[in-house]
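One structure is given here, and the rest of the page talks about it.
The values are calculated or read from the model by the stated rules, or taken from the named source; none is laboratory data. All values reported here derive from a predicted model rather than from experimental measurement. Cβ sites come from the backbone with ideal geometry, for glycine too, and all protein chains shown count toward neighbours.
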Amino acid sequence: MITRPKGEAPIPPHSTAPGRLTAQQAFALTLLRDGHAPRWIKQYTGVAPGILIQRALEYDIAAPHGTLAAVLLHDAADEEQCGACEKVRASTQARALAAQRRKITPTERAAHLQRHRKHAAA
Ligand SMILES: [Zn+2]
């Protein structure tokens with residue numbers, strides 16, 4: 001019976017090959033291929049979106065078009081967005097802008113309330 005010492009990393013076939021996938025990364029790539037959002041995949045597997053997209057390019061993994069993952073893959077591969085992905089990108093940007101507008105600092109809120117109180121007093 002042959003036993004391999006525990007914790008010994010397998011030697012890559014040659015140094016120019018893309019780095020070996022960890023079990024988490026391999027799992028994350030299958031989730032990406034199923035169309036899950038990179039942020040959700042990070043919560044689930046701990047693989048950061050940047051690394052995930054890089055790995056997907058290295059291993060030629062595609063995400064379904066019309067998903068956020070596919071938008072990131074088009075970007076990372078320096079490609080034009082296809083029709084479905086362009087729509088997703090546009091709506092994501094609109095949402096991000098709206099979220100930014102909703103962010104009001106406590107100072108701004110206080111100033112706003114004060115203005116209203118003055119109005120009410122007048
Ligand atoms: Zn696309």
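Does L52 satisfy the criteria of being more than 10 Å from the ligand (Cβ to nearest atom) and modelled with pLDDT of 95 or more?
Numbers: more than 10 Å from the ligand (Cβ to nearest atom): yes; modelled with pLDDT of 95 or more: yes.
Yes.
Out of the residues in the range 65-122 that are among the basic types (K, R) and within 16 Å of the ligand (Cβ to nearest atom), state the one that is farthest from the chain's Cα centre (by Cα).
First, the residues of the range 65-122 that are among the basic types (K, R): 87, 89, 95, 101-103, 109, 115, 117-118.
Now narrow it down to the ones that are within 16 Å of the ligand (Cβ to nearest atom): 87, 89.
Numbers: K87: 17, R89: 13 Å.
Top of the filtered list is K87.
Do the conditions hold for H112, that is, is it more than 17 Å from H36 (Cα to Cα) and surrounded by 10 or more Cβ atoms within 10 Å (Cβ to Cβ)?
Details: more than 17 Å from H36 (Cα to Cα): yes; surrounded by 10 or more Cβ atoms within 10 Å (Cβ to Cβ): yes.
The answer is yes for H112.
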